[in-house]
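Please read the structure below before turning to the comments.
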Amino acid sequence: MTTPYIIGFSDSARDRALCLFHGAEPVVAIEEERLTRLRHGLDLRDPAESDQLDLDCGSPAEHTARMRRMADYCLSAAGVSESDVRLWIGTSRHPVSPLLDRAVHVNHDLAHAASAFYGSPAKQAAVLVLDGSGDEAGSGSRETVSVYRGDERGLTLLQHVSGRRDETHLTNSAGVLQRIGTVLSGFAAVDEDKAMTLAACGTPRHLDQLLARMRFGDTTVDIDNHGIWKTMRELPATTFEERADLAASFQAALERAVLFYARRARQLTGCDVLCLAGGPALNAAVNQRVLVEGGFDDVFVSPAAANGISLGAAYYGAHVVFGLERTDGLATPCLGQAYTRSETAQALAEADVRLEISDVGPAECARRAAAHLADGEPVMWFQEGSEIGRRALGHRSVFGDPRTADTLERIKEAVRSEEPVGSLTPIVLEEDAAEWFDCGRSPHMLFAPSARPRTAELAPAVVHVDGTARVQTLSAADNPVVHLMLREFLRRTGVPLVTNTAFSLRGEPIVETPAEAVAAWCESPVRVLCADGFHAVKRDR
């Protein structure tokens, strides 16, 4: 049998995505927001406050057009025609999906589970899926939690939890609990990361009120999200301290719920490895607590934990539908189209600011970037294909000097952020990470270990108020060029890490194309851009 091409898609109400596999290997993937430039594929100018936020999928014509656009992106990037695709497989929440006539549809939670298990190197594992809202589960309810065992036989469902919509909010959903906490902490409903960061600055003094609406049984956690919404929205949230305490309270409640189900998954499967998927799995503090207290030797979280359904569907097609042998998991999250250097050169040539442009190649760009960073100057960095998922992992990043707390304000100014919270995330040489953080390999920035005392002293910009950091470790195999930059920064400063922030301006998705990268850079106050081997510096006007 010739190796099949497979298209996996996620046709959810938000975070829609599509990917192309060749056999069991992902070739290219794209999220809709990177093409439409609307975060999460939603118009967030007036974000709703409930978990109804994302249920309007638009007209059939709009729906068809966006699916077509993502498919064209992937097929074009791989040089594959539509007739070469042997399987279209995915999930849909839209009643008039344009793929109904050709696609195999899989369960929402099963696709999440497949993304986590088949994307990991584990041969057998407990798989825990925690959702805001999954597929219908009968009697007006929807999936909220699923536990699977993954092994050589595939994925076996062991426990399923559902919730019902109680007025406006779905019960028994950890994702909805997290979303309510995000909104009440003063953020848009999709900004869970900001609420997590703010939580580190607060005290969970409202935790008892939350736990009064959560019942921990022997096998499930009953969560009265509508009751939580009605009760907690009456609390004051005008000052920074009040917002931080609310965020800390919801964070503590979320950690308890996820930890409960992680231990339940360990009990049901007996496995030493846990694979996590679903929106709450993007919460690095939650993941860290599960890693430390869940009873597992290792925890794997996909870099696209929330929006990796397209990947999971394609994995399911490869391993279950076609019966292909497993690989060692997702080799890289950087699955976007690789643009040509001529496109980057053209974008720089058409910039509306005066520039000094040098075509020095990737290695020299890395050395020059390290020199700028060592001088305290932020650098915007654009390289090859974009990352799948919400984290910038070194292909679409803004790097900064971690050695001063002032860097936080400089990076916020660089990306036009007005949020009054946060520390920055570190990208650190994997070989040196254990000397600076209490962690092992963490390539996807999805765990928040404690920082060593030397880190708080020598790299204060990356340490949260609670002494933790959301760490990304980087090996030479992960990204040789950025690894070289970190080594050069270490040589100059004695510090093997820099700060890493998403290359996007406030309110926008991460940049996708060279033109978008150059336009965002020109609008920002950052002086230096390194893009696919071009070193560009703004001249004084």
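Whether any residue in region 311-322 is in contact with a Pro (Cβ under 8 Å, 6 or more places away or on another chain) and either among the acidic types (Asp, Glu) or over 28 Å from Val145 (Cα atoms) (or both) is what I want to check.
Looking for residues that are in contact with a Pro (Cβ under 8 Å, 6 or more places away or on another chain) and either among the acidic types (Asp, Glu) or over 28 Å from Val145 (Cα atoms) (or both), one finds none in region 311-322, hence no.
What single numbered condition from (1) in a loop (DSSP other than H, G, I, E, B); (2) closer than 23 Å to Arg69 by Cβ fails to hold for Gly317?
(1)
Go through the residues of region 416-426 one by one and say whether even a single one is in contact with a Gly (Cβ under 7 Å, 6 or more places away or on another chain) and buried (at least 22 other Cβ atoms within 10 Å of the Cβ).
Yes, region 416-426 has at least one match.
Of Ala318, Ala366, Ala338, Ala349, which residue is more than 22 Å from Pro480 (Cβ to Cβ) and touching a residue at least 24 places away in the same chain (Cβ under 8 Å)?
Going through Ala318, Ala366, Ala338, Ala349 in turn, just one is more than 22 Å from Pro480 (Cβ to Cβ) and touching a residue at least 24 places away in the same chain (Cβ under 8 Å): Ala318.
Rundown of residues vs (1) closer than 30 Å to Ala199 by Cα; (2) in a helix (DSSP H, G or I); (3) assigned by TED's automatic domain parsing to the domain that holds Ala188, yes/no style:
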site: Val482; (1), (2), (3): no, yes, no
site: Leu486; (1), (2), (3): yes, yes, no
site: Val498; (1), (2), (3): yes, no, no
site: Cys530; (1), (2), (3): no, no, no
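Can you tell me how many residues in region 174-208 are acidic (Asp, Glu) and touching a residue at least 40 places away in the same chain (Cβ under 8 Å)?
Residues meeting the conditions: 2.
Mind listing whichever residues of region 443-465 are in contact with a strand residue (DSSP E or B) (Cβ under 9 Å, 6 or more places away or on another chain) and farther than 16 Å from Thr499 by Cβ?
Within region 443-465, Pro443, His444, Leu446, Phe447, Pro449, Ser450, Arg452 meet the criteria.
Using the structure shown, decide if Asp131 is crowded, with 24+ Cβ neighbours inside 10 Å and of a type in the set (Asp, Glu).
On the way: crowded, with 24+ Cβ neighbours inside 10 Å: yes; of a type in the set (Asp, Glu): yes.
Judged against the criteria, Asp131 is a match.
Among the residues of region 151-173, what is the count of those that are within 24 Å of Leu254 (Cβ to Cβ) and either modelled with pLDDT of 95 or more or not aliphatic (A, V, I, L, M) (or both)?
Qualifying residue count, region 151-173: 16.
Looking at region 217-237, is at least one residue touching a Gly at 6+ places or on another chain (Cβ under 7 Å), touching a residue at least 24 places away in the same chain (Cβ under 8 Å), surrounded by 23 or more Cβ atoms within 10 Å (Cβ to Cβ) and outside the structural domain of Asp15 (by TED's automatic domain parsing)?
no
Taking only pairs six or more apart or across chains, which ones have beta-carbon atoms under 9 Å, a first residue in region 457-478 that is without any contact (Cβ under 8 Å) to a residue 24 or more places away in the chain, and a second residue that is part of a loop (DSSP other than H, G, I, E, B) and crowded, with 18+ Cβ neighbours inside 10 Å?
Correct list of pairs: Gly467/Ala200.
So how many residues does region 411-447 have that are part of a loop (DSSP other than H, G, I, E, B), closer than 22 Å to Ala476 by Cα and either in contact (Cβ under 8 Å) with a residue 40 or more places away in the chain or in contact with a His (Cβ under 6 Å, 6 or more places away or on another chain) (or both)?
Residues of region 411-447 part of a loop (DSSP other than H, G, I, E, B): 415-425, 436, 438-446.
When the remaining residues are screened for being closer than 22 Å to Ala476 by Cα, the result is 425, 436, 438-446.
Among the residues that remain, those that are also either in contact (Cβ under 8 Å) with a residue 40 or more places away in the chain or in contact with a His (Cβ under 6 Å, 6 or more places away or on another chain) (or both) are: 425, 436, 443-446.
Result for region 411-447: 6.
Within region 295-302, identify whether any single residue is buried (at least 24 other Cβ atoms within 10 Å of the Cβ) and either free of Cβ contacts under 8 Å to residues at least 12 places away in the same chain or in a helix (DSSP H, G or I) (or both), and answer yes or no.
Scanning region 295-302, I find no residue that is buried (at least 24 other Cβ atoms within 10 Å of the Cβ) and either free of Cβ contacts under 8 Å to residues at least 12 places away in the same chain or in a helix (DSSP H, G or I) (or both), so the answer is no.
How about region 426-463: which of its residues are aliphatic (A, V, I, L, M), under 19 Å from Ile411 (Cβ atoms) and out of contact with any Pro (no Cβ under 7 Å at 6 or more places or on another chain)?
Correct list: Ile427, Met445, Ala448, Ala451, Ala456, Leu458, Val463.
Out of the residues in region 263-285 meeting the condition of being in a helix (DSSP H, G or I) and closer than 30 Å to Val28 by Cβ, tell me which one is nearest to the chain's Cα centre (by Cα).
Only one residue fits best here, namely Leu282.
Would you confirm whether or not region 375-386 contains a residue that is under 21 Å from Gly119 (Cβ atoms) and surrounded by fewer than 24 Cβ atoms within 10 Å (Cβ to Cβ)?
So far as region 375-386 goes, yes, one or more of its residues are under 21 Å from Gly119 (Cβ atoms) and surrounded by fewer than 24 Cβ atoms within 10 Å (Cβ to Cβ).
The values are calculated or read from the model by the stated rules, or taken from the named source; none is laboratory data. In this text the structure is predicted, and so the values were computed from the model without any measurement. Cβ coordinates were reconstructed from backbone atoms using ideal geometry, including for glycine residues, and neighbour counts include every protein chain displayed.
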